[in-house]
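Here is the structure we will look at, set down as structure tokens.
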Amino acid sequence: MTLPIIAYGDPVLRKKGTDIDKNYPELDDLITNMWETMYKANGVGLAAPQIGLAIRLFVIDTSPFAEDEDFSPEEQAMLKDFKKVFINAQMIEEEGKNWSFNEGCLSIPDIREDVSRKDTITIQYLDEDFNEKTETYDGLLARVIQHEYDHIEGVLFTDKLSSLKRRLLKGKLNNISKGNIVVEYKMRFPAVKKMR
Ligand SMILES: [Zn+2]
């Protein structure tokens, strides 16, 4: 089942997510629905706050980037096979050089901006079977994880832009909150008045 994606401006996108345990209600179905919702919207990642749940859960499948010739053959191979569920993730370390990459977000359609982030991360999380993992990533994989991890911390990529850039985007962001935008996938807009 595809779920509506929560648009910019909804307070749920600003909440710090809480940990979940194995008894979280219908977790398998929730994860299945998140995959379906993400693929339908042509995304490479989706975090639970984006479907209205302030919990520490996100999913990533970077295979669409595998065709991108901006990346080395080794990196393409990694991107092709990277499909993971992250539960209760905690960022252990971010290090290395800052680099910029043009990011977008399913909750902020039609806005893409260069975002600067550190190159290498170490993250601790539980996989979908609740096995504990600690892994280190760099390059685009680190980038996608950082973007999704920010969501469970209540942070959006637009927060990382200069104040000038954010000022310039204000009108566009307001229009997204109001639903004044054409989107190919189902969304829920915070500032749309309910019709009576
Ligand atoms: Zn996002």
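Would you say Val155 is touching a Phe, Trp or Tyr at 6+ places or on another chain (Cβ under 9 Å), over 22 Å from Gly52 (Cβ atoms) and within 13 Å of the ligand (Cβ to nearest atom)? Taking the combined requirement at face value, the residue does not satisfy it. Within segment 1-23, being surrounded by 13 or more Cβ atoms within 10 Å (Cβ to Cβ) and in a loop (DSSP other than H, G, I, E, B) holds for Thr2, Leu3, Pro4, Ala7, Tyr8, Gly9, Asp10, Lys15, Gly17, Asp19, Ile20. Of all residues in segment 26-70, those being acidic (Asp, Glu), over 16 Å from Met1 (Cβ atoms) and part of a loop (DSSP other than H, G, I, E, B) number 3. Looking across segment 129-170, the residues that are of a type in the set (A, V, I, L, M) and not in a loop (DSSP other than H, G, I, E, B) come down to Leu140, Leu141, Ala142, Val144, Ile145, Ile152, Leu164, Leu168, Leu169. Screening segment 122-164 for residues that are without any contact (Cβ under 8 Å) to a residue 12 or more places away in the chain and of a type outside the set (Gly, Ala, Ser) and picking the one that is farthest from Glu67 (Cα to Cα) gives Leu164. Cβ-Cβ distances below 6 Å connect the following pairs, each with a first residue in segment 39-51 that is at negative phi and in contact (Cβ under 8 Å) with a residue 24 or more places away in the chain, a second residue that is more than 8 Å from the ligand (Cβ to nearest atom) and open to solvent by 30 Å² or more (accessible area, probe 1.4 Å), and a separation of six or more residues or different chains: Lys40/Thr2; Lys40/Tyr185; Ala41/Tyr185; Val44/Pro64; Ile51/Leu3. Restricting segment 88-130 to residues that are within 14 Å of the chain's Cα centre (by Cα) and among the small types (Gly, Ala, Ser) leaves a set whose member that is surrounded by the most Cβ atoms within 10 Å (Cβ to Cβ) is Ser107. The number of residues in segment 71-121 being without any contact (Cβ under 8 Å) to a residue 40 or more places away in the chain, part of a helix (DSSP H, G or I) and hydrophobic (A, V, I, L, M, F, W, C) comes to 1.
Residues in segment 24-78 that are open to solvent by 60 Å² or more (accessible area, probe 1.4 Å), modelled with pLDDT of 95 or more and either charged (D, E, K, R) or under 18 Å from the mean Cα position of the chain (by Cα) (or both): Glu26, Asp28, Asp29, Thr32, Glu36, Tyr39, Lys40, Asn42.
The values are calculated or read from the model by the stated rules, or taken from the named source; none is laboratory data. Note that the coordinates shown come from a computational prediction; the quantities given were computed from them, not determined experimentally. When we count neighbours, we look across all protein chains shown, and the Cβ atoms used for this are built from the backbone with ideal geometry, even at glycine. With ligands, DNA and RNA removed, areas are computed over all heavy atoms of the protein, side chains included. Shrake-Rupley method; radii C 1.70, N 1.55, O 1.52, S 1.80 Å.
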